[in-house]
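The next block holds one structure in the form of structure tokens; read it before the comments.
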Amino acid sequence: MLVVKDLWVRYDEIPVLRGVSLEVREGELVALVGANGAGKSTFLKTVAGLLTPYQGDVLLEGRSLVGLPPHQIVRQGIALVPEGRRLFTRLTVYENLLTGAATRPDPQERRQMLEEVFDLFPRLAERRHQKAGTLSGGEQQMLAIARALMARPRLLMLDEPSLGLMPKLVDLILETLQRLNREQGMTILLVEQNVREALDIAHRGYVLQSGRIVMQGTGQELLASEEIQKAYLGM
Ligand SMILES: Nc1ncnc2c1ncn2[C@@H]1O[C@H](COP(=O)(O)OP(=O)(O)OP(=O)(O)O)[C@@H](O)[C@H]1O
Ligand SMILES: [Mg+2]
């Protein structure tokens, strides 16, 4: 579905991604892990059209996305849950969800999507008229994911959805992603600091280090690797 080839991205002349190639097949859950500053967020932002590579290509079902503005990329079926949630804090839960459906004007389809995300996160249903800025951190993260789902993406990308959450909520978020993948066949690209949990639910994973992919394999292969255990699992 998504094929990224030899991607180079720089900020102020300094290359941060140095020839990253990565693939996400339809129906897969793929984890991208790596240390702070490795370039994970830069990678997701580039796929989402927020940054432009100076070399390489991003292909969705064979068509290049490079140079398209972010809203066009959403229309092509890719949604990003950005690092730090980026909600409209003064809008309600319901209003935030509607902003996610900007590319879906059909009211019937919107109602159906609202029902689906409220089923997925009942806490949001109870709080639909609450201002997003007053939600707890975990609830805000649920809202950020739900808002991305309102665009009915074919590929859902998430940048550290469990950041700052207590372990029980981390589990809830990751289990929800696994369910979306298994039960609805949603294709997911997940960036996570919780390396063990992410690789545990992922079909495949990639390790990014200083802007390069240094390892890839199935989730279980990576979990079993001595290098991963030393570098990321504290073993
Ligand atoms: N707008 C920017 N201008 C200049 N440098 C940037 C900018 N954004 C990121 N960088 C640098 O690019 C590198 C990669 O950053 P990025 O945010 O992609 O890392 P990351 O893997 O997501 O890290 P983390 O796990 O801490 O979120 C870092 O060295 C960062 O300082
Ligand atoms: Mg990041």
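The values are calculated or read from the model by the stated rules, or taken from the named source; none is laboratory data. Treat the numbers as computed from the prediction; the structure is a model and nothing was measured. Neighbour counts are summed over all protein chains in view; Cβ atoms, including those assigned to glycine, are modelled from backbone coordinates with ideal geometry.
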*Residues of region 68-77 being in a loop (DSSP other than H, G, I, E, B) and surrounded by 15 or more Cβ atoms within 10 Å (Cβ to Cβ), which ones?*
Leu68, Gln76, Gly77
*For region 118-135, enumerate the residues that are modelled with pLDDT of 95 or more and closer than 12 Å to Leu149 by Cβ.*
Phe118, Leu124
*at pLDDT 95 or above, assigned to a loop (DSSP other than H, G, I, E, B) and either among the β-branched types (Val, Ile, Thr) or within 9 Å of ligand 1 (Cβ to nearest atom) (or both): does that describe Thr46?*
no
*Going by the conditions given, is Ala31 modelled with pLDDT under 95, within 15 Å of ligand 1 (Cβ to nearest atom) and either closer than 18 Å to Glu83 by Cβ or polar (S, T, N, Q) (or both)?*
no
*Does Leu7 satisfy being under 19 Å from Leu189 (Cα atoms) and buried (at least 16 other Cβ atoms within 10 Å of the Cβ)?*
yes
*Gln184: modelled with pLDDT under 95 and within 16 Å of ligand 2 (Cβ to nearest atom), yes or no?*
no
*Just for strands (runs of 3 or more DSSP E) wholly inside region 137-235: which have at least 3 residues that are within 16 Å of ligand 1 (Cβ to nearest atom) and crowded, with 21+ Cβ neighbours inside 10 Å?*
155-159, 187-191, 204-209
*Please specify each residue of region 81-109 satisfying the condition of being free of Cβ contacts under 8 Å to residues at least 60 places away in the same chain and part of a loop (DSSP other than H, G, I, E, B).*
Arg85, Arg86, Phe88, Thr89, Arg90, Leu91, Ala101, Ala102, Thr103, Arg104, Pro105, Asp106
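Residues are listed down the side, and each one gets a yes or a no for (1) within 16 Å of Ala151 (Cα to Cα); (2) surrounded by fewer than 19 Cβ atoms within 10 Å (Cβ to Cβ); (3) touching a residue at least 60 places away in the same chain (Cβ under 8 Å); (4) within 16 Å of ligand 2 (Cβ to nearest atom):
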| residue | (1), (2), (3), (4) |
| --- | --- |
| Val3 | no, yes, no, no |
| Val20 | no, no, yes, yes |
| Gly27 | no, yes, yes, no |
| Ala48 | yes, no, yes, yes |
| Pro53 | no, no, no, no |
| Glu61 | no, yes, yes, no |
| Val66 | no, yes, no, no |
| Ala79 | yes, no, yes, no |
_Filter pass, Ala35 being touching a residue at least 24 places away in the same chain (Cβ under 8 Å), within 22 Å of Val170 (Cα to Cα), in contact with a strand residue (DSSP E or B) (Cβ under 8 Å, 6 or more places away or on another chain) and assigned to a loop (DSSP other than H, G, I, E, B)_ = yes
